[in-house]
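Asks: To start, I am sharing the structure in question, which I have written as structure tokens.
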Amino acid sequence: MFGVMLIMLCGILVGYLLRDRKAIPAIVSKTSLYIIFLLLFIMGLSIGSNTQVIHKFGELGFWGIAIALVSTTGSVALSWVVYRYLFKKAE
């Protein structure tokens, strides 16, 4: 944990020292995007190599879809209630 915090503090220091350079945000943005793609790929490799996850993939997919549907339905219902009682003008 200390190593992670030290690396983050080093990044903050370097960012502070290079704050006046105009090209840095574009470089950081593009680099961050590629690093995120790399992390997603590595995560996919680790999930794909786990036989327990692969054998339960259908069940995990079902529960994932069920949770997504219930969450979306609840959000829409609560949004409708909030709109109806707080934002709709009295007729």
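Asks: Please give, to one decimal in nm, the separation of the simple spin-label points placed at residue 31 and residue 59, each 7 Å out from Cα toward the Cβ.
Replies: About 4.4 nm, to one decimal.
Asks: Once the dipole of the chain is set up with Lys and Arg at +1 and Asp and Glu at -1 on Cβ about the Cα centre, which of 35, 80, 23 lies farthest towards its positive end?
Replies: Comparing the listed Cα positions along the dipole, 23 ranks first.
Asks: Right, here's the next one. In Å², and per residue, what accessible area does the chain have when probed at 1.4 Å with the other protein chains present? Please report the intermediate quantities before stating the final value.
Replies: Details: 8740 Å² over 91 residues.
About 96 Å² of surface per residue is accessible.
Asks: What does the charge dipole of the chain about its Cα centre add up to, to the nearest 20 debye, if the Cβ of each Lys and Arg holds +1 and the Cβ of each Asp and Glu holds -1?
Replies: Numbers: 8 positive and 3 negative charges, 73 e Å.
The calculated dipole for the chain is roughly 360 debye.
Asks: Build a GNM of the chain with springs between Cα atoms under 10 Å: which of 54, 35, 12 gets the top mean-square fluctuation?
Replies: It is 12.
Asks: Can you tell me how the chain classifies by the Cα gyration tensor, rounded, prolate or oblate, using a/c under 1.5 as the rounded cut?
Replies: Oblate, since a/c reaches 1.5 and b/c is not below a/b.
Asks: With every protein chain left in place, what is the accessible area of residue 30 in Å² (1.4 Å probe, nearest 10)?
Replies: Result for residue 30: roughly 120 Å² accessible.
The values are calculated or read from the model by the stated rules, or taken from the named source; none is laboratory data. Predicted, not measured: the structure shown is a model, and the values here were computed from it. Every residue, glycine among them, receives a Cβ derived from its backbone with ideal geometry; neighbour counts consider all protein chains shown. All accessible areas refer to the heavy atoms of the entire protein, side chains included, with ligands and DNA or RNA removed. Shrake-Rupley method; radii C 1.70, N 1.55, O 1.52, S 1.80 Å.
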